[in-house]
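The structure appears below as structure tokens.
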Amino acid sequence: MQDRSDPVVTRLLVHSLILPAGSDTPTRDEGTAIGMAAGGRGTIDAGPFVGRGSFGAFDEGLYVISGPFVFDTQVLRRQVGTEKSFELVLEAPADLGLPVFGVPEGSPIDLELRLEALMEGVLATGTASVHAVGECVRCLRDVEEDFDCDFQELYLYEDAGEDELALEDDLLDLEPVLRDAVVLALPHNPLCDPECPGLCPDCGARLADDPDHTHGDAIDPRWSTLTQLTERPEE
């Protein structure tokens, strides 16, 4: 028996068991069943349907069917100019961002998304609002900040090149675009303050906490032996 969370099986459930004959728009109850079939997770707020726990995000028929960042675009019917706009709150995937500054796994992502059917594919335009955490590269103090990550990407129906994205059986995977948008939005060298002086090179003390921190005048290493003789206690 196949896993109900499998994308192919989920699509069969959606079209053969959930939608009424001749209908492309799920009702509220039908939406719940689709969400259960998808086996997703997160908090969804998408117009007429609101679901928590199991996945089901709808805006007049647009729904997530295989994970939080995979969308079925069949509802657009490839009719040029047709579009769907909606809002979602999703959980951040693992390793989102940079090694020194990233979005914690499972933290909320506020996503605003519009999908528009064009001649050659589906244009995905939106903004992902994320909360990133990390360390200051100068003093290693904890840093956290909110960012709005804008993105726009065309998913081709067919004949996608090496650097282009394509729909797979009308499924649109937004996660690669989201990852690129977050990386571009985050600073590669996060700072707790633009004027952060960093750490003392001798003892590692945070200089911002002690502006007068010092270890005395630097001594020329060529004279270090004489200094040790002068500091030797009298016998």
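The values are calculated or read from the model by the stated rules, or taken from the named source; none is laboratory data. Computed from a prediction, not measured in an experiment: that's the story for all the values here. Side chains are part of the model used for accessible areas, which takes the heavy atoms of the whole protein and leaves out ligands, DNA and RNA. Shrake-Rupley method; radii C 1.70, N 1.55, O 1.52, S 1.80 Å.
Here are the numbers:
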| item | result |
| --- | --- |
| Scan of segment 78-102 for residues that are part of a strand (DSSP E or B) and open to solvent by 10 Å² or more (accessible area, probe 1.4 Å), ordered by number | 83, 84, 85, 86, 87, 89, 91, 97, 102 |
| Members of segment 121-162 that are closer than 22 Å to residue 75 by Cα and open to solvent by 90 Å² or more (accessible area, probe 1.4 Å) | 152, 158, 159 |
| Segment 170-219, residues that are within 30 Å of residue 118 (Cα to Cα) and open to solvent by 40 Å² or more (accessible area, probe 1.4 Å) | 173, 175, 176, 179, 180, 183, 184 |
